[in-house]
Amino acid sequence: MRAAVVGHVEWVEFVRVGRLPVQGEIIHASETWTEPAGGGAVAAMQLRKLAGESTFYTALGDDELGRRAARELRAAGVRLHAVFRAEPQRRALTFLDADGERTITVIGDRMVPRRGDPLPWDELAHYDAVYVTGGDAGAVSAARDADVLVATPRALEALADAGIELDVLVGSATDANERYRPGDLVPPPRVVVQTAGAEGGTYQLDGRKHSFDAAPLPGTGGDAYGAGDSFAAGLTYGLGTGLSIDEALALAARCGAAARSGRGAFAGQLTK
């Protein structure tokens, strides 16, 4: 099983608080830590844990945080193909409250890989499955050469410009940044999945709407950061190994639940 991710990285500072501060208030954090995260990094790590290895195409800032992100992702076992841009690495400040909900403020522009970057794009034709969180139209077209292509609506502009057929478009039913409407993509995705947290979710296939269940949480005390992209990575892995859509969604739900029970970006992710 060969799996890859095409997407973005954010250097994230996590701040655990009892509740979010109200305007003008000062509150104290009980814990803080930093790590390379963002949707692309989360998915690449989840795929590595499921498949034993994963490849990640991305762009990073040519500064200390960008270089540190590259070192830490490689040290964690991700096969990294990265270009370094002459700009600061994008960062994010993420509050984690007592209920485990995450509230994110991003700092800097989103950096994504482009087809013109000196990366081994032709290798993607030999992959079983690819998940896209960001890129340009050329990068999306290169990813389409894989057997299975899954993407998030966060990359909708590039997906529309590429004009290729996705196997699955997967996003959150409650996140405005992941909204998809029929007609946004031509040709339309074969399957459109919308997650709804503990409610499970739905998927559209052949003009019919189906539902799927959430998986039970394997533990308590975690947070919601990365649960959606861990879900998407599990779905990508399942389809790449030949599972049916229902079987792949069941695995994806387990990945999302495991991530929801862990700390920060990677700690709780499901391991095969």
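The values are calculated or read from the model by the stated rules, or taken from the named source; none is laboratory data. Everything quoted here is computed from the prediction, not taken from an experiment. Note: ideal-geometry Cβ built from the backbone for every residue, glycine included; neighbour counts use all protein chains shown. Remember, those area values only see protein heavy atoms, side chains included, never the ligands or the DNA or RNA. Shrake-Rupley method; radii C 1.70, N 1.55, O 1.52, S 1.80 Å.
Step through the residues of segment 131-138 one at a time and calculate ³J(HN,Hα) from phi using the Karplus curve (6.51 cos²θ - 1.76 cosθ + 1.60, θ = phi - 60°), rounding each to whole Hz and writing x for Gly and Pro.
So the Karplus estimates, Gly and Pro as x, are 10, 10, 10, x, x, 9, 4, x Hz.
Over segment 72-225, what number does the Rg to Rh ratio reach, with both radii from the alpha-carbon atoms and Rh per Kirkwood? Show your work: numbers first, answer last.
Values: Rg = 17.2 Å, Rh = 17.6 Å.
Rounded to two decimals, Rg over Rh is 0.98.
Once amide H atoms are placed 1.01 Å from N in the peptide plane, what residues at a sequence separation of 5 or more from Glu10, or on another chain, have their amide H within under 5 Å of its amide H?
Ala37, Gly38, Ala41
Percent of alpha carbon pairs in segment 171-213 separated by more than 11 Å? Walk me through the numbers before you get to the answer.
On the way: 596 of 903 pairs.
Taking all Cα-Cα pairs of segment 171-213, the fraction more than 11 Å apart is 66 percent.
Distances longer than 16 Å among the Cα atoms of segment 215-272: what percent of all pairs is that?
33
From Cα pairs below 8 angstrom and at least 6 apart in sequence, can you work out the relative contact order of segment 69-112, rounded to a whole percent?
Reported relative contact order: 29 percent.
So for segment 1-90: antiparallel DSSP bridges make up what percent, rounded to the nearest 5?
Values: 7 of 17 bridges.
Antiparallel bridges make up about 40 percent of those DSSP assigns within segment 1-90.
Distances over 20 Å make up what percent of all Cα-Cα pairs in segment 37-129?
Numbers: 1823 of 4278 pairs.
Percentage above 20 Å: 43.
Rank Ile107, Ile27, Ile245 by mean-square fluctuation in a GNM of the chain with C-alpha springs under 10 angstrom and give only the top-ranked residue.
Per the Cα network of the chain with a 10 Å cutoff, Ile27 tops the list.
As a test, work out the antiparallel percent of DSSP beta bridges whose residues both lie in the chain, rounded to the nearest 5.
Counting DSSP beta bridges with both partners in the chain, the antiparallel share is about 45 percent.
Please report the carbon-and-sulfur percent of the accessible area for the chain; probe 1.4 Å, protein heavy atoms only, DNA, RNA and ligands left out.
Carbon-and-sulfur percentage of accessible area, whole number: 47.
Restricting the calculation to Cα positions, tell me the Rg (one decimal) and the Dmax (whole number) of segment 1-66 in Å.
Cα radius of gyration and Dmax of segment 1-66 are 16.0, 51 Å respectively.
Once Rh for segment 141-272 is found with the Kirkwood sum over Cα pairs, what is the Stokes-Einstein diffusion coefficient at 37 °C and 0.692 mPa s, in µm²/s?
220
Quick one: Kirkwood hydrodynamic radius for the chain, alpha-carbon pairs, angstrom, one decimal?
In the chain this quantity evaluates to 18.4 Å.
Sum up the charges of everything whose Cβ sits under 10 Å from the Cβ of His126, counting Lys and Arg as +1 and Asp and Glu as -1, but leave His126 out.
On the way: positive: Arg2; negative: Asp122, Glu123, Asp128, Asp145, Asp147.
Taking every other residue near His126 into account, the sum is -4.
Starting from the coordinates of the alpha-carbon atoms of segment 82-124, obtain the Kirkwood hydrodynamic radius over all distinct pairs and give the value in Å to one decimal.
With all distinct Cα pairs of segment 82-124 included, I get 13.2 Å.
In the full protein assembly as shown, how much of Leu47 is accessible to a 1.4 Å probe, in Å² to the nearest 10?
Spelled out: Leu47, probe radius 1.4 Å, area about 0 Å².
What's the Cα-based Rg to Rh of segment 128-183, Rh via Kirkwood?
Taking Rh as the inverse mean 1/r over Cα pairs, Rg/Rh reads 0.94.
Skipping prolines and chain starts, which residues have an amide H placed within reach, meaning under 5 Å, of the one on Ser54, given they are 5 or more residues away or on another chain?
Under 5 Å from the amide H of Ser54: Arg79.
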